[in-house]
Amino acid sequence: MRYFLGVARTENIHRAADELHVSAGSLSKAISRLEEELSVKLFSREGRNIKLTENGRLLQIRASQMIQLEESTKIELAGALGKMQVQMAGSEMVLAHWGLQFTQMVKDAFPLTQFEFQATDEKSALEQVERGEVHLALTTGDIPTASGLSSKILGETTFKTYVGRGHQLQKRKEVPVAELLTHAFVSLNRPLFGKVGVGQSPDGWRDDKFPRRIDYLTSGQKILEEVVASGLAVAYLPDYLGIALGLVAIQVTGCPFVCRQKIKLVVRNPRDLSWLDWS
């Protein structure tokens, strides 16, 4: 079942084999034996690729429930000495901060836990939870009611305007937004911070109302951090990241818009995860 779930997640025998540390031939034979035992086709071939069939999708959900039940049972019997692997999906920066905070809470109770992070967009993260590919997701957007998923708020963050310590605005207590917009900004071309509000750019700024001079545009977290920390540009960042990087927060006047996020922990069914404190 673990082999099947690996192939179902990647829909690629060779990639799954690398992740599972087995040969592609052994993995292919295991899937064939499973299909023979169940008398159904779990995958269909499309050229060089494979896709889950309807039966495969159903087994993916059931197999995930079986594996999670097995892990929960082991934890209930072994307690703090139990070993388990927890898969978590979400936006990269949300996982990097809030995900790591969550892992420490789990490790306090179960020190031998291993965590696997899947950095992806929020839509894909929720779909992975629904399919049972990951135990939980961290999101900042709304959870579709029809999904049947459960969520709880882990924390909140407010976005602020930050500069590096070498930037010419670092010693200013307040900066009018009109003046701020004359300075170079670094921004994102994809939502690394998670989902933001309507009309907001991927980093949460309202460029439709206060268009910036964006000299640096990136899809990478490290580049963003280096550009703002070096004093080359202004950045609009969640407060947890600005504090972690040791940046200087600038009070901007004349701009009524603020990006705020609630970080949510999302699971399919909390009762399936006996190790998870859902109180």
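The values are calculated or read from the model by the stated rules, or taken from the named source; none is laboratory data. Every value quoted in this text rests on a predicted model; they were computed, and no experiment measured them. Positions of Cβ are backbone-derived with ideal geometry, glycine not excepted, and every protein chain shown enters the neighbour counts.
Computed quantities for the displayed model
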{"item": "Count of region 30-56 residues which are surrounded by fewer than 17 Cβ atoms within 10 Å (Cβ to Cβ), part of a strand (DSSP E or B) and modelled with pLDDT of 90 or more", "result": "2"}
{"item": "Residue match in region 90-103 (condition: closer than 14 Å to Val267 by Cα, in contact with an Asp or Glu (Cβ under 8 Å, 6 or more places away or on another chain) and touching a residue at least 24 places away in the same chain (Cβ under 8 Å))", "result": "yes"}
{"item": "When residues of region 155-187 are limited to those that are touching a helix residue (DSSP H, G or I) at 6+ places or on another chain (Cβ under 7 Å) and surrounded by fewer than 17 Cβ atoms within 10 Å (Cβ to Cβ), the one modelled with the lowest pLDDT", "result": "Gly155"}
{"item": "Scope region 183-239; condition of a type in the set (Lys, Arg) and in a loop (DSSP other than H, G, I, E, B); matching residues", "result": "Arg190, Lys195, Arg206, Lys209, Arg212"}
{"item": "Conditions (1) within 30 Å of Phe159 (Cβ to Cβ); (2) assigned to a helix (DSSP H, G or I): number failed by Leu5", "result": "(1)"}
{"item": "Residue satisfying all of: in region 124-159; part of a helix (DSSP H, G or I) and in contact (Cβ under 8 Å) with a residue 24 or more places away in the chain; nearest to Trp278 (Cα to Cα) among these", "result": "Val129"}
{"item": "Residue in region 222-242 that is polar (S, T, N, Q) and over 22 Å from Lys173 (Cα atoms) present", "result": "no"}
